[in-house]
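Data first, discussion second: the structure below is written as structure tokens.
The values are calculated or read from the model by the stated rules, or taken from the named source; none is laboratory data. Please read all numbers here as calculations on a predicted model, not as lab measurements. Note that each Cβ is placed from the backbone with ideal geometry, even for glycine, and that neighbours are counted across all protein chains shown.
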């Protein structure tokens, strides 16, 4: 069942947008883990985090990851999945982990609506600190890394396709 393409990276890196188009390009199904959590809990991510706290959200996310049993899919993950070693090992068994890397300055511009996105960030932690904390984790788990700065969506898709062919 290791035929899935799994997108990891920071919130705002384009995982959901690229994921839908990648699924069409590769003739695969599409799954967004953030949407799956919202459907399972009946709450928007930001409301879930406010209501239950970051640690409860991370447990919910890990449980959802460990229960994922899909094939022939592009999976867009939430930015915080990399905090769960067990979850990431399970994802690794499900397919190829593709890290959509974006620079902090570009990401900061995209994240003007961070408060509404359900970003898992500790109180008082800056977005730059969060970026610095997560980046090494994305590198650790990635099978492929795609630098998305200065690229349009079609160019990102082409880079992914070329990387998968090299294999």
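Scan region 1-19 residue by residue and report those that are under 13 Å from the mean Cα position of the chain (by Cα) and at negative phi. So that I can check it myself, show each step before the final result.
First, the residues of region 1-19 that are under 13 Å from the mean Cα position of the chain (by Cα): 5-19.
If the condition is that a residue be under 13 Å from the mean Cα position of the chain (by Cα) and at negative phi, then 5, 6, 7, 8, 10, 11, 13, 15, 16, 17, 18, 19 are the ones that fit.
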Discussion item. Quick check on region 1-15: of everything there that is in contact with a strand residue (DSSP E or B) (Cβ under 9 Å, 6 or more places away or on another chain) and outside any strand (DSSP E or B), which residue is modelled with the lowest pLDDT?
Written reply: 1
Discussion item. At pLDDT 95 or above and farther than 30 Å from residue 158 by Cα: which single residue out of 92, 86, 52 fits that description?
Written reply: 86
Worksheet item: residue 102: crowded, with 18+ Cβ neighbours inside 10 Å and within 19 Å of residue 23 (Cα to Cα), yes or no?
Response: no
Worksheet entry | Unmet criterion (only one of (1) at pLDDT below 95; (2) under 19 Å from residue 59 (Cβ atoms)) for residue 37 | (1)
Item to complete: Determine if region 83-90 includes at least one residue that is closer than 20 Å to residue 119 by Cβ, in contact with a helix residue (DSSP H, G or I) (Cβ under 7 Å, 6 or more places away or on another chain) and touching a residue at least 40 places away in the same chain (Cβ under 8 Å).
Response: yes
Worksheet entry | Selection from region 21-44 of residues that are touching a strand residue (DSSP E or B) at 6+ places or on another chain (Cβ under 8 Å), surrounded by 19 or more Cβ atoms within 10 Å (Cβ to Cβ) and part of a helix (DSSP H, G or I) | 22, 23, 33, 34
Worksheet item: Is region 112-131 home to any residue that is surrounded by 15 or more Cβ atoms within 10 Å (Cβ to Cβ) and farther than 14 Å from residue 79 by Cα?
Response: no
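Can you tell me which residue among 74, 18, 81, 70 is modelled with pLDDT of 95 or more and part of a loop (DSSP other than H, G, I, E, B)? Quick ask: steps written out before the conclusion?
Details: 74 fails: part of a loop (DSSP other than H, G, I, E, B); 18 fails: part of a loop (DSSP other than H, G, I, E, B); 81 fails: part of a loop (DSSP other than H, G, I, E, B).
Result of the check over 74, 18, 81, 70: 70.
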Worksheet item: Does residue 128 meet the test of being under 21 Å from residue 47 (Cβ atoms), without any contact (Cβ under 8 Å) to a residue 60 or more places away in the chain and over 13 Å from the mean Cα position of the chain (by Cα)?
Response: no
Item to complete: Scan region 141-148 and give yes if some residue there is in contact with a helix residue (DSSP H, G or I) (Cβ under 7 Å, 6 or more places away or on another chain), at pLDDT 95 or above and part of a helix (DSSP H, G or I), otherwise no.
Response: yes
